[in-house]
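See structure below.
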Amino acid sequence: MTTAQPQPPTPHHVVIVGAGFGGLEAAFGLPGAPVRITLIDRRNHHLFQPLLYQVATASLATSEIAWPIRYLMRDRPDVTTLFATVSGVDAANKRVLLEDGEALGYDTLVLATGARHAYFGHDEWEPFAPGLKTLEDATTLRRRILVAFERAERETDAARRAALLTFVIVGAGPTGVELAGTIAELAKDTLPPDFRNIDTQKARVVLIEAGPRVLAGFADDLSAYAQASLETIGVEVVLGAPVTECAADHVVYGGKRLDTTTIIWAAGVRASPAAEWLNAEADRAGRLQVLPDLTVPGHPDIFAVGDTVMIEAWDGKPVPGIAPAAKQQGRYVASVIKARLRGDAPAPFRYRHAGSLAQIGKHKAVIDFGRIKLRGTLAWWIWGIAHIYFLIGLRNRISVAITWLWIHARDQRAARLITQGSSKVAR
Ligand SMILES: Cc1cc2nc3c(=O)[nH]c(=O)nc-3n(C[C@H](O)[C@H](O)[C@H](O)COP(=O)(O)OP(=O)(O)OC[C@H]3O[C@@H](n4cnc5c(N)ncnc54)[C@H](O)[C@@H]3O)c2cc1C
(Lines give C-alpha, C1' and ligand atoms only; values in the text may rest on other atoms or scores of the structure.)
Protein backbone atom coordinates (compact mmCIF):
# COMPACT_ATOMS: atom_id res chain seq x y z
CA MET A 1 0.00 0.00 0.00
CA THR A 2 1.37 3.40 -0.98
CA THR A 3 0.90 6.42 1.23
CA ALA A 4 0.23 9.83 -0.30
CA GLN A 5 3.35 11.98 -0.22
CA PRO A 6 2.82 15.47 1.29
CA GLN A 7 2.89 18.03 -1.53
CA PRO A 8 5.12 21.10 -1.14
CA PRO A 9 2.98 24.20 -0.60
CA THR A 10 2.37 26.18 -3.80
CA PRO A 11 4.40 29.38 -3.55
CA HIS A 12 2.60 32.69 -3.26
CA HIS A 13 1.76 33.83 -6.81
CA VAL A 14 2.60 37.46 -7.66
CA VAL A 15 1.20 38.69 -10.97
CA ILE A 16 2.77 41.89 -12.31
CA VAL A 17 0.98 43.60 -15.20
CA GLY A 18 3.33 45.85 -17.20
CA ALA A 19 7.08 45.50 -17.68
CA GLY A 20 7.78 49.23 -17.82
CA PHE A 21 9.88 51.00 -15.21
CA GLY A 22 7.55 50.23 -12.28
CA GLY A 23 6.68 46.60 -13.08
CA LEU A 24 10.21 45.60 -13.96
CA GLU A 25 11.59 47.11 -10.76
CA ALA A 26 8.99 45.17 -8.72
CA ALA A 27 10.19 41.93 -10.38
CA PHE A 28 13.85 42.90 -9.87
CA GLY A 29 13.11 43.41 -6.16
CA LEU A 30 11.81 39.88 -5.56
CA PRO A 31 14.65 37.41 -6.32
CA GLY A 32 14.98 34.81 -3.60
CA ALA A 33 11.55 35.65 -2.11
CA PRO A 34 9.22 32.68 -1.49
CA VAL A 35 7.05 33.61 -4.47
CA ARG A 36 6.51 32.68 -8.09
CA ILE A 37 6.04 35.62 -10.42
CA THR A 38 4.12 36.03 -13.66
CA LEU A 39 5.08 39.16 -15.58
CA ILE A 40 2.54 40.13 -18.25
CA ASP A 41 3.03 42.75 -20.96
CA ARG A 42 1.25 43.43 -24.24
CA ARG A 43 4.64 44.26 -25.79
CA ASN A 44 7.54 41.84 -25.83
CA HIS A 45 9.99 44.59 -24.84
CA HIS A 46 10.81 47.00 -22.06
CA LEU A 47 11.13 50.52 -23.44
CA PHE A 48 13.35 53.37 -22.26
CA GLN A 49 10.81 56.12 -23.00
CA PRO A 50 13.04 59.08 -22.05
CA LEU A 51 15.02 58.53 -25.29
CA LEU A 52 12.03 57.74 -27.51
CA TYR A 53 12.22 61.21 -29.06
CA GLN A 54 15.70 60.32 -30.35
CA VAL A 55 14.21 57.42 -32.35
CA ALA A 56 11.48 59.75 -33.65
CA THR A 57 14.15 62.21 -34.82
CA ALA A 58 16.39 59.59 -36.47
CA SER A 59 19.17 59.86 -33.88
CA LEU A 60 18.97 56.39 -32.30
CA ALA A 61 17.83 52.99 -33.58
CA THR A 62 14.90 51.20 -31.94
CA SER A 63 17.06 48.36 -30.58
CA GLU A 64 19.22 50.87 -28.68
CA ILE A 65 16.36 51.84 -26.34
CA ALA A 66 14.32 48.62 -26.02
CA TRP A 67 15.08 45.14 -24.68
CA PRO A 68 13.11 41.86 -24.93
CA ILE A 69 11.48 41.23 -21.55
CA ARG A 70 12.28 37.51 -21.82
CA TYR A 71 15.98 38.36 -22.20
CA LEU A 72 15.86 40.57 -19.10
CA MET A 73 14.31 37.70 -17.09
CA ARG A 74 16.43 34.86 -18.53
CA ASP A 75 18.33 34.33 -15.25
CA ARG A 76 15.17 34.39 -13.15
CA PRO A 77 13.57 30.89 -13.07
CA ASP A 78 11.02 32.28 -10.60
CA VAL A 79 9.63 34.64 -13.29
CA THR A 80 7.35 33.49 -16.11
CA THR A 81 6.91 36.10 -18.84
CA LEU A 82 3.62 36.26 -20.72
CA PHE A 83 3.08 38.23 -23.94
CA ALA A 84 -0.60 39.13 -23.44
CA THR A 85 -2.97 42.05 -23.02
CA VAL A 86 -4.86 42.42 -19.75
CA SER A 87 -8.44 43.59 -20.22
CA GLY A 88 -9.73 43.57 -16.65
CA VAL A 89 -9.46 42.32 -13.08
CA ASP A 90 -11.95 39.99 -11.37
CA ALA A 91 -10.99 41.09 -7.86
CA ALA A 92 -13.69 38.99 -6.14
CA ASN A 93 -12.16 35.78 -7.53
CA LYS A 94 -8.55 37.11 -7.57
CA ARG A 95 -8.13 36.68 -11.32
CA VAL A 96 -6.58 38.81 -14.04
CA LEU A 97 -8.62 38.74 -17.25
CA LEU A 98 -6.83 38.57 -20.57
CA GLU A 99 -8.08 40.00 -23.85
CA ASP A 100 -8.13 36.57 -25.51
CA GLY A 101 -10.66 35.28 -22.95
CA GLU A 102 -8.22 33.49 -20.63
CA ALA A 103 -7.83 34.30 -16.93
CA LEU A 104 -4.96 33.98 -14.49
CA GLY A 105 -5.25 33.61 -10.71
CA TYR A 106 -3.11 35.68 -8.33
CA ASP A 107 -2.37 35.96 -4.63
CA THR A 108 -0.89 39.45 -5.01
CA LEU A 109 -1.42 41.67 -8.04
CA VAL A 110 0.79 44.60 -9.10
CA LEU A 111 -0.70 46.91 -11.72
CA ALA A 112 2.02 48.89 -13.53
CA THR A 113 0.31 49.69 -16.82
CA GLY A 114 1.48 53.28 -17.30
CA ALA A 115 -0.26 56.02 -19.28
CA ARG A 116 -0.84 57.24 -22.85
CA HIS A 117 -1.16 60.67 -24.42
CA ALA A 118 -4.52 62.42 -24.14
CA TYR A 119 -6.22 64.94 -26.43
CA PHE A 120 -8.37 66.77 -23.85
CA GLY A 121 -11.59 65.32 -25.28
CA HIS A 122 -10.46 65.67 -28.93
CA ASP A 123 -9.49 62.10 -29.81
CA GLU A 124 -10.34 62.91 -33.43
CA TRP A 125 -7.04 64.88 -33.57
CA GLU A 126 -4.91 61.76 -33.01
CA PRO A 127 -4.53 60.74 -36.71
CA PHE A 128 -3.27 64.26 -37.56
CA ALA A 129 -1.24 64.87 -34.41
CA PRO A 130 0.22 61.56 -33.25
CA GLY A 131 1.87 61.37 -29.83
CA LEU A 132 4.97 59.58 -28.62
CA LYS A 133 4.67 56.66 -26.24
CA THR A 134 5.63 53.43 -28.03
CA LEU A 135 8.30 52.32 -30.49
CA GLU A 136 5.61 52.28 -33.20
CA ASP A 137 4.75 55.90 -32.35
CA ALA A 138 8.43 56.83 -32.67
CA THR A 139 8.96 55.12 -36.03
CA THR A 140 5.66 56.59 -37.29
CA LEU A 141 6.82 60.10 -36.33
CA ARG A 142 10.23 59.45 -37.87
CA ARG A 143 8.54 58.41 -41.09
CA ARG A 144 6.28 61.47 -41.12
CA ILE A 145 9.17 63.87 -40.50
CA LEU A 146 11.42 62.31 -43.15
CA VAL A 147 8.57 61.92 -45.68
CA ALA A 148 7.73 65.63 -45.27
CA PHE A 149 11.27 66.53 -46.38
CA GLU A 150 11.08 64.01 -49.26
CA ARG A 151 7.76 65.40 -50.48
CA ALA A 152 9.03 68.97 -50.17
CA GLU A 153 12.00 68.04 -52.40
CA ARG A 154 9.53 67.13 -55.19
CA GLU A 155 6.93 69.84 -54.54
CA THR A 156 6.80 72.72 -57.03
CA ASP A 157 4.03 74.77 -55.38
CA ALA A 158 5.66 77.21 -52.93
CA ALA A 159 2.78 77.27 -50.41
CA ARG A 160 2.52 73.47 -50.31
CA ARG A 161 6.30 73.20 -49.95
CA ALA A 162 6.21 75.66 -47.04
CA ALA A 163 3.49 73.58 -45.32
CA LEU A 164 5.59 70.44 -45.79
CA LEU A 165 8.58 72.21 -44.23
CA THR A 166 6.60 73.40 -41.19
CA PHE A 167 6.85 71.12 -38.13
CA VAL A 168 4.51 71.87 -35.24
CA ILE A 169 4.96 70.43 -31.76
CA VAL A 170 2.08 70.90 -29.32
CA GLY A 171 3.12 71.03 -25.66
CA ALA A 172 6.37 72.50 -24.29
CA GLY A 173 7.12 70.03 -21.49
CA PRO A 174 10.42 68.10 -21.63
CA THR A 175 9.28 65.88 -24.55
CA GLY A 176 8.05 68.85 -26.64
CA VAL A 177 11.21 70.85 -25.95
CA GLU A 178 13.46 67.88 -26.77
CA LEU A 179 11.58 67.11 -29.99
CA ALA A 180 11.57 70.75 -31.15
CA GLY A 181 15.30 71.20 -30.50
CA THR A 182 16.27 67.98 -32.26
CA ILE A 183 14.03 68.51 -35.32
CA ALA A 184 15.52 72.02 -35.68
CA GLU A 185 19.04 70.56 -35.59
CA LEU A 186 18.08 67.82 -38.03
CA ALA A 187 16.85 70.46 -40.50
CA LYS A 188 19.65 72.95 -39.94
CA ASP A 189 22.74 70.76 -39.41
CA THR A 190 22.16 67.22 -40.66
CA LEU A 191 20.00 67.38 -43.79
CA PRO A 192 21.20 70.40 -45.83
CA PRO A 193 23.90 68.59 -47.88
CA ASP A 194 21.53 65.73 -48.79
CA PHE A 195 18.85 67.72 -50.66
CA ARG A 196 19.09 69.49 -54.01
CA ASN A 197 15.78 71.33 -54.56
CA ILE A 198 15.01 72.57 -51.06
CA ASP A 199 16.93 74.42 -48.39
CA THR A 200 16.14 72.37 -45.29
CA GLN A 201 17.56 75.20 -43.15
CA LYS A 202 14.42 77.17 -44.06
CA ALA A 203 12.20 74.58 -42.34
CA ARG A 204 10.07 76.09 -39.56
CA VAL A 205 9.83 74.35 -36.20
CA VAL A 206 6.99 75.81 -34.13
CA LEU A 207 6.55 74.84 -30.48
CA ILE A 208 3.07 75.74 -29.20
CA GLU A 209 2.25 75.85 -25.49
CA ALA A 210 -1.04 76.77 -23.82
CA GLY A 211 0.69 77.82 -20.59
CA PRO A 212 2.83 80.90 -19.96
CA ARG A 213 6.28 79.24 -20.24
CA VAL A 214 8.20 76.24 -21.56
CA LEU A 215 9.27 73.49 -19.11
CA ALA A 216 6.66 74.53 -16.55
CA GLY A 217 7.94 71.95 -14.04
CA PHE A 218 11.37 73.62 -13.90
CA ALA A 219 12.46 76.81 -12.09
CA ASP A 220 11.60 80.10 -13.89
CA ASP A 221 15.20 80.94 -14.84
CA LEU A 222 15.79 77.48 -16.34
CA SER A 223 12.63 77.70 -18.41
CA ALA A 224 13.65 81.19 -19.65
CA TYR A 225 17.08 79.78 -20.56
CA ALA A 226 15.46 76.82 -22.37
CA GLN A 227 13.25 79.17 -24.39
CA ALA A 228 16.17 81.43 -25.35
CA SER A 229 18.27 78.38 -26.35
CA LEU A 230 15.46 76.99 -28.51
CA GLU A 231 15.08 80.35 -30.23
CA THR A 232 18.83 80.48 -30.89
CA ILE A 233 18.61 77.24 -32.87
CA GLY A 234 15.63 78.58 -34.81
CA VAL A 235 12.62 77.15 -32.95
CA GLU A 236 9.62 79.52 -32.90
CA VAL A 237 8.14 79.36 -29.40
CA VAL A 238 4.46 80.34 -29.05
CA LEU A 239 3.16 80.68 -25.47
CA GLY A 240 -0.33 81.12 -24.01
CA ALA A 241 -1.94 79.73 -27.16
CA PRO A 242 -4.16 76.68 -26.72
CA VAL A 243 -4.57 74.55 -29.84
CA THR A 244 -8.20 74.44 -30.94
CA GLU A 245 -7.98 72.40 -34.14
CA CYS A 246 -5.67 69.81 -35.69
CA ALA A 247 -6.18 68.67 -39.30
CA ALA A 248 -4.22 66.94 -42.08
CA ASP A 249 -2.97 70.22 -43.51
CA HIS A 250 -3.18 72.79 -40.70
CA VAL A 251 -3.35 73.58 -37.02
CA VAL A 252 -5.28 76.38 -35.31
CA TYR A 253 -3.88 77.96 -32.12
CA GLY A 254 -4.83 81.15 -30.33
CA GLY A 255 -7.29 81.89 -33.17
CA LYS A 256 -4.54 81.65 -35.86
CA ARG A 257 -4.29 79.06 -38.64
CA LEU A 258 -0.90 77.64 -39.63
CA ASP A 259 -0.52 75.38 -42.68
CA THR A 260 1.49 72.29 -41.81
CA THR A 261 1.51 68.60 -42.66
CA THR A 262 3.38 67.50 -39.53
CA ILE A 263 1.89 68.03 -36.07
CA ILE A 264 3.31 66.16 -33.09
CA TRP A 265 1.30 65.89 -29.89
CA ALA A 266 3.34 66.27 -26.69
CA ALA A 267 0.63 67.64 -24.39
CA GLY A 268 -1.34 65.76 -21.77
CA VAL A 269 -1.41 62.16 -20.64
CA ARG A 270 -4.16 59.80 -19.58
CA ALA A 271 -3.58 56.86 -17.24
CA SER A 272 -4.19 53.26 -18.31
CA PRO A 273 -7.69 51.94 -17.48
CA ALA A 274 -6.49 50.24 -14.25
CA ALA A 275 -8.92 52.35 -12.17
CA GLU A 276 -11.82 51.29 -14.42
CA TRP A 277 -10.84 47.61 -14.10
CA LEU A 278 -11.32 47.91 -10.32
CA ASN A 279 -14.14 50.44 -10.36
CA ALA A 280 -11.89 52.48 -8.10
CA GLU A 281 -11.55 56.21 -7.52
CA ALA A 282 -9.43 58.11 -10.02
CA ASP A 283 -8.41 61.73 -10.69
CA ARG A 284 -9.24 63.70 -13.86
CA ALA A 285 -6.35 62.06 -15.74
CA GLY A 286 -7.72 58.61 -14.85
CA ARG A 287 -4.98 57.91 -12.30
CA LEU A 288 -5.90 55.41 -9.63
CA GLN A 289 -5.85 56.84 -6.08
CA VAL A 290 -3.79 54.52 -3.90
CA LEU A 291 -3.15 54.28 -0.17
CA PRO A 292 0.24 55.16 1.41
CA ASP A 293 1.36 51.52 1.02
CA LEU A 294 0.43 51.74 -2.72
CA THR A 295 -2.49 49.32 -2.39
CA VAL A 296 -5.85 50.09 -3.93
CA PRO A 297 -8.46 51.07 -1.30
CA GLY A 298 -10.55 48.01 -0.39
CA HIS A 299 -8.06 45.64 -2.10
CA PRO A 300 -5.09 44.98 0.22
CA ASP A 301 -3.76 42.34 -2.21
CA ILE A 302 -3.67 44.73 -5.21
CA PHE A 303 -0.85 47.26 -5.61
CA ALA A 304 -0.60 49.91 -8.32
CA VAL A 305 2.54 51.85 -9.25
CA GLY A 306 3.95 54.38 -11.70
CA ASP A 307 2.13 56.59 -14.20
CA THR A 308 -1.19 54.84 -13.62
CA VAL A 309 -1.46 56.04 -10.00
CA MET A 310 -1.89 59.31 -8.12
CA ILE A 311 -0.37 59.57 -4.70
CA GLU A 312 0.59 62.56 -2.59
CA ALA A 313 3.73 61.23 -1.00
CA TRP A 314 6.15 64.05 -1.70
CA ASP A 315 5.80 66.82 0.89
CA GLY A 316 2.06 66.88 0.24
CA LYS A 317 2.59 67.15 -3.52
CA PRO A 318 1.63 64.48 -6.08
CA VAL A 319 4.48 62.19 -7.08
CA PRO A 320 5.47 63.19 -10.65
CA GLY A 321 4.93 60.85 -13.60
CA ILE A 322 8.58 60.15 -14.27
CA ALA A 323 10.72 57.02 -14.51
CA PRO A 324 12.54 57.32 -11.15
CA ALA A 325 9.16 57.64 -9.35
CA ALA A 326 7.84 54.48 -11.04
CA LYS A 327 11.06 52.63 -10.18
CA GLN A 328 10.97 53.70 -6.53
CA GLN A 329 7.35 52.56 -6.28
CA GLY A 330 8.11 49.19 -7.92
CA ARG A 331 11.01 48.64 -5.53
CA TYR A 332 8.85 49.65 -2.56
CA VAL A 333 6.07 47.21 -3.53
CA ALA A 334 8.61 44.35 -3.75
CA SER A 335 9.77 45.23 -0.23
CA VAL A 336 6.17 45.28 1.06
CA ILE A 337 5.40 41.86 -0.47
CA LYS A 338 8.52 40.39 1.17
CA ALA A 339 7.74 42.08 4.51
CA ARG A 340 4.17 40.76 4.51
CA LEU A 341 5.34 37.21 3.81
CA ARG A 342 7.65 37.55 6.85
CA GLY A 343 4.74 38.89 8.90
CA ASP A 344 6.17 42.44 9.15
CA ALA A 345 4.29 45.72 8.68
CA PRO A 346 6.17 48.06 6.30
CA ALA A 347 6.43 51.86 6.53
CA PRO A 348 4.43 53.95 4.03
CA PHE A 349 5.91 54.81 0.63
CA ARG A 350 8.02 57.96 0.57
CA TYR A 351 9.16 59.48 -2.71
CA ARG A 352 12.66 60.96 -3.02
CA HIS A 353 12.98 63.42 -5.89
CA ALA A 354 16.46 63.33 -7.45
CA GLY A 355 15.87 66.17 -9.93
CA SER A 356 14.44 67.07 -13.36
CA LEU A 357 16.44 67.01 -16.59
CA ALA A 358 15.72 68.11 -20.17
CA GLN A 359 17.93 68.31 -23.24
CA ILE A 360 17.44 71.37 -25.45
CA GLY A 361 19.83 70.73 -28.29
CA LYS A 362 23.05 68.94 -29.09
CA HIS A 363 25.11 70.92 -26.57
CA LYS A 364 22.57 72.25 -24.10
CA ALA A 365 20.41 70.95 -21.28
CA VAL A 366 18.82 72.14 -18.06
CA ILE A 367 18.90 70.31 -14.73
CA ASP A 368 16.85 71.26 -11.70
CA PHE A 369 18.11 69.52 -8.56
CA GLY A 370 16.11 71.88 -6.32
CA ARG A 371 18.78 73.93 -4.62
CA ILE A 372 21.31 73.28 -7.39
CA LYS A 373 20.39 74.33 -10.92
CA LEU A 374 22.55 73.68 -13.97
CA ARG A 375 22.31 74.80 -17.58
CA GLY A 376 24.35 74.71 -20.78
CA THR A 377 27.11 72.33 -21.82
CA LEU A 378 27.91 70.98 -18.33
CA ALA A 379 24.24 70.14 -17.84
CA TRP A 380 24.24 68.46 -21.26
CA TRP A 381 27.17 66.20 -20.28
CA ILE A 382 25.47 65.27 -16.99
CA TRP A 383 22.20 64.64 -18.87
CA GLY A 384 24.04 62.36 -21.35
CA ILE A 385 25.99 60.44 -18.71
CA ALA A 386 22.83 59.95 -16.58
CA HIS A 387 20.86 58.59 -19.53
CA ILE A 388 23.66 56.26 -20.61
CA TYR A 389 23.98 55.03 -17.01
CA PHE A 390 20.27 54.19 -16.81
CA LEU A 391 20.22 52.25 -20.10
CA ILE A 392 20.20 48.49 -19.67
CA GLY A 393 23.31 46.55 -20.76
CA LEU A 394 26.88 47.44 -21.65
CA ARG A 395 26.37 46.96 -25.40
CA ASN A 396 23.59 49.56 -25.54
CA ARG A 397 25.51 52.00 -23.36
CA ILE A 398 28.54 51.81 -25.66
CA SER A 399 26.38 51.97 -28.79
CA VAL A 400 24.42 55.05 -27.63
CA ALA A 401 27.59 56.81 -26.43
CA ILE A 402 29.28 56.26 -29.83
CA THR A 403 26.15 57.41 -31.71
CA TRP A 404 25.96 60.61 -29.64
CA LEU A 405 29.65 61.35 -30.09
CA TRP A 406 29.19 60.86 -33.85
CA ILE A 407 26.20 63.25 -33.91
CA HIS A 408 28.17 65.69 -31.77
CA ALA A 409 31.23 65.60 -34.02
CA ARG A 410 29.70 65.15 -37.49
CA ASP A 411 26.02 66.16 -37.27
CA GLN A 412 25.20 62.81 -38.83
CA ARG A 413 22.09 60.90 -37.77
CA ALA A 414 22.37 57.41 -39.18
CA ALA A 415 18.85 56.22 -38.34
CA ARG A 416 17.23 58.30 -41.11
CA LEU A 417 15.20 55.37 -42.35
CA ILE A 418 11.68 55.60 -43.73
CA THR A 419 10.19 52.27 -42.69
CA GLN A 420 6.59 50.96 -42.72
CA GLY A 421 5.99 51.76 -46.38
CA SER A 422 7.41 52.73 -49.76
CA SER A 423 7.20 56.07 -51.59
CA LYS A 424 3.54 55.30 -52.33
CA VAL A 425 2.77 56.01 -48.66
CA ALA A 426 1.31 59.50 -48.60
CA ARG A 427 2.37 60.46 -45.07
C1 LIG B 1 8.22 60.49 -24.79
C2 LIG B 1 8.44 60.34 -23.30
C3 LIG B 1 9.56 60.92 -22.72
C4 LIG B 1 9.78 60.79 -21.35
N5 LIG B 1 10.90 61.35 -20.81
C6 LIG B 1 11.18 61.14 -19.51
C7 LIG B 1 12.41 61.62 -18.95
O8 LIG B 1 13.21 62.25 -19.64
N9 LIG B 1 12.66 61.33 -17.64
C10 LIG B 1 11.78 60.62 -16.88
O11 LIG B 1 12.08 60.35 -15.71
N12 LIG B 1 10.61 60.18 -17.36
C13 LIG B 1 10.30 60.42 -18.67
N14 LIG B 1 9.11 59.96 -19.18
C15 LIG B 1 8.13 59.33 -18.28
C16 LIG B 1 8.47 57.90 -17.96
O17 LIG B 1 8.80 57.19 -19.13
C18 LIG B 1 7.27 57.28 -17.24
O19 LIG B 1 7.04 58.01 -16.07
C20 LIG B 1 7.54 55.82 -16.88
O21 LIG B 1 7.70 55.06 -18.07
C22 LIG B 1 6.39 55.25 -16.06
O23 LIG B 1 6.65 53.92 -15.78
P24 LIG B 1 5.43 52.88 -15.63
O25 LIG B 1 6.05 51.59 -15.23
O26 LIG B 1 4.36 53.47 -14.81
O27 LIG B 1 4.81 52.78 -17.11
P28 LIG B 1 5.48 52.37 -18.47
O29 LIG B 1 6.96 52.47 -18.42
O30 LIG B 1 4.76 53.13 -19.51
O31 LIG B 1 5.14 50.82 -18.61
C32 LIG B 1 3.84 50.35 -18.74
C33 LIG B 1 3.90 48.95 -19.34
O34 LIG B 1 2.62 48.36 -19.22
C35 LIG B 1 2.32 47.69 -20.42
N36 LIG B 1 0.85 47.65 -20.52
C37 LIG B 1 0.02 48.70 -20.55
N38 LIG B 1 -1.27 48.28 -20.60
C39 LIG B 1 -1.23 46.94 -20.61
C40 LIG B 1 -2.23 45.93 -20.68
N41 LIG B 1 -3.52 46.23 -20.73
N42 LIG B 1 -1.84 44.63 -20.68
C43 LIG B 1 -0.52 44.31 -20.63
N44 LIG B 1 0.46 45.23 -20.58
C45 LIG B 1 0.12 46.52 -20.56
C46 LIG B 1 2.97 48.54 -21.50
O47 LIG B 1 3.18 47.80 -22.69
C48 LIG B 1 4.26 48.96 -20.80
O49 LIG B 1 5.31 48.06 -21.06
C50 LIG B 1 8.86 60.08 -20.56
C51 LIG B 1 7.72 59.50 -21.15
C52 LIG B 1 7.52 59.63 -22.50
C53 LIG B 1 6.31 59.00 -23.14
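The values are calculated or read from the model by the stated rules, or taken from the named source; none is laboratory data. A quick note: this is a predicted structure, and the numbers were derived from the prediction, not measured. With ideal geometry, Cβ positions are generated from the backbone for all residues, glycine too; neighbour counts draw on all protein chains shown. Ligands, DNA and RNA are stripped out before the accessible areas are found, and what is left, the full protein with its side chains, is counted by its heavy atoms. Shrake-Rupley method; radii C 1.70, N 1.55, O 1.52, S 1.80 Å.
Per DSSP helix of 4 or more residues, -39500 (n - 2.57); summed, then divided by the residues of the chain. What does that give at 222 nm, rounded to the nearest 500?
It lands at -9000 deg cm²/dmol.
Over 10 Å intervals from 0, what percent of Cα-Cα pairs in the chain sits in each interval?
All Cα pairs considered, the percentages come to 4, 20, 29, 25, 14, 5, 2, 1, 0, 0.
Which value, in debye to the nearest 20, describes the size of the charge dipole of the chain about its Cα centre when Lys and Arg Cβ atoms bear +1, Asp and Glu Cβ atoms bear -1, and nothing else is charged?
That gives a dipole near 980 debye.
In a GNM of the chain with a 10 Å cut-off on Cα contacts, which of Ser272, Ser87, Ser229 has the highest mean-square fluctuation?
Result: Ser87 has the largest fluctuation of those listed.
If I take every Cα pair under 8 Å that is 6 or more residues apart in the chain, average their sequence separation and divide by the length, what percent do I get for the relative contact order?
19 percent
In terms of the Cα gyration tensor, with a ≥ b ≥ c the square roots of its eigenvalues, is the range 116-168 rounded because a/c is under 1.5, prolate because a/b exceeds b/c, or oblate?
Taking the square roots of the gyration eigenvalues as a ≥ b ≥ c, the range 116-168 is oblate.
What accessible area, in Å² to the nearest ten, does a 1.4 Å probe give for His408?
Accessible area, nearest 10 Å²: 60 Å².
If one takes the longest principal axis of the Cα atoms in the chain, at what angle in degrees, from 0 to 90 and to the nearest 10, does the Cα axis of helix 323-342 lie?
With rounding to tens, the tilt is 0 degrees.
If I compute solvent accessible area with a 1.4 Å probe over the protein chains, what percent of it on the range 244-283 is carbon and sulfur?
Carbon and sulfur: 47 percent of the exposed surface of the range 244-283.
Which lysines, on any chain, are close to Lys338 with Cα under 24 Å apart, when same-chain ones fewer than 8 places away are left out?
By straight Cα distance, Lys338 reaches Lys94, Lys327.
Return a whole-number percent for the relative contact order of the range 106-210, with Cα pairs under 8 Å and 6 or more residues apart as the contact set.
RCO, the range 106-210: 24 percent.
What angle do you read, to the nearest 10 degrees and between 0 and 90, between the alpha-carbon axis of helix 135-154 and the longest principal axis of the chain?
On a 0 to 90 degree scale, this one is about 10.
Using the heavy atoms of the protein chains alone and a 1.4 angstrom probe, what is the accessible area of the range 79-185 per residue in square angstrom?
40 Å²
Give me the percent of the accessible area of the range 96-210 that comes from carbon and sulfur atoms, probe 1.4 Å, all protein chains in place.
48 percent
Could you work out which residue, out of Arg287, Arg116, Arg142, moves most in a Gaussian network model of the chain, that is, has the largest mean-square fluctuation with Cα springs under 10 Å?
Evaluated over the chain, the most mobile residue of the options is Arg116.
Starting from the range 245-299, pick out the GluC sites (Glu not before Pro) whose DSSP state is loop and whose Cβ has at most 16 other Cβ atoms within 10 Å.
Taking the range 245-299 and a limit of 16 other Cβ atoms within 10 Å, the loop GluC sites (Glu not before Pro) found are Glu281.
Compute the long axis of helix 376-390 from its Cα atoms, compare it with the longest principal axis of the Cα atoms of the chain, and write down the angle in degrees, 0 to 90, nearest 10.
Helix 376-390 sits at roughly 40 degrees to that axis.
Sorted by average packing, counted as other Cβ atoms within 10 angstrom per residue and highest first, what order do 303-314, 123-134 take?
The densest-packed peptide leads the list: 303-314, 123-134.
Would you mind telling me which residue in Ala347, Ala187, Ala210 has the biggest mean-square fluctuation in a Gaussian network model of the chain, where springs connect alpha carbons within a distance under 10 angstrom?
Ala347
Defining a contact as two alpha carbons under 8 Å apart and six or more residues distant in sequence, what relative contact order in percent does the range 58-109 show?
Relative contact order for the range 58-109 comes out at 19 percent.
Can I get the semi-axes of the range 1-126's equivalent ellipsoid? Compute them from the C-alpha gyration tensor as square roots of 5 times the eigenvalues, in angstrom, largest first.
One finds semi-axes of 34, 20, 11 Å for the range 1-126.
Please report the antiparallel percentage of DSSP beta bridges with both residues in the chain, rounded to the nearest 5.
The antiparallel proportion sits near 50 percent.
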